[in-house]
Structures are given as structure tokens and as C-alpha cells.
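Accompanying notes for the structure given below.
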Amino acid sequence: MNIGVDFHDTITYNPDFFRNLFSSWSKKGKIYIITGTPEKNCEEVISELERLGFSNLYNEIIYGFEYTKKEMDHTHFIRMRSHKLKVIQEKKI
């Protein structure tokens, strides 16, 4: 069984809990970290994960789609929700 955990709204809320969960889950399935951050900003996501102590505790980071600030209206979150759901289904989370 694979798990996917949101980075900004979940992992950052209680990093200790998720480090423990990920450490005990590693032999049970894959661990995906899900973020709405576009992949072009991957360095800041990876850096923050390292700072929080998650360097080797996950299999893959799933990024959001590319967007501009102009596209950040109320429909952005609907599109992001659809994007994340599609990836969750593809990864069998």
C-alpha cells in the first residue's frame, strides 16, 4: 500500500509525527509527498524537506502544474485538485 501526504498543509504541521510514520512505513509501500508547488521550484521544496529531516524518507515528490500569478484565481484550486487526484490515482495511493 502506498501513501501520499500533502507537504505544506500536513507535513509542515507536525514533522515529528510524519518522520515517525514514514520511518515505519518504508517496507510497506511507497511514500509520496504531494505539493501544489510547480516542479520549477523543486529546489525550495527539497531544501525544506531536508531542513525538516525528511532527506531519505520518501520515494518521490509529486509537484503541481506550472502556473502564473495571473492564473491564481478561484479556479486555480479546482484545477489543482483535479491535477492532484489524477496523480494520486496513477500512483495508486
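The values are calculated or read from the model by the stated rules, or taken from the named source; none is laboratory data. Small disclaimer: the values here were computed from a predicted structure and weren't measured. Note that we place each Cβ from the backbone using ideal geometry, even for glycine, and neighbour counts take in every protein chain shown. Quick note on the areas: whole protein, heavy atoms, side chains included, nothing else; ligands and nucleic acids left out. Shrake-Rupley method; radii C 1.70, N 1.55, O 1.52, S 1.80 Å.
Right, residue 55: modelled with pLDDT under 95 and within 14 Å of the chain's Cα centre (by Cα) or not? So residue 55 fits the description; yes. Looking for something open to solvent by 80 Å² or more (accessible area, probe 1.4 Å) and closer than 21 Å to residue 23 by Cα - is there at least one such residue anywhere in region 75-88? No - not one qualifying residue is present in region 75-88. Taking residues in region 15-33 that are in contact (Cβ under 8 Å) with a residue 24 or more places away in the chain, and partners anywhere that are of a type in the set (D, E, K, R) and part of a loop (DSSP other than H, G, I, E, B), the pairs with Cβ atoms closer than 8 Å and at least 6 places apart or on different chains are 30/91; 32/91. If you go through region 7-19 and pick out every residue that is surrounded by 12 or more Cβ atoms within 10 Å (Cβ to Cβ) and either over 13 Å from residue 64 (Cα atoms) or at pLDDT 95 or above (or both), you end up with 7.
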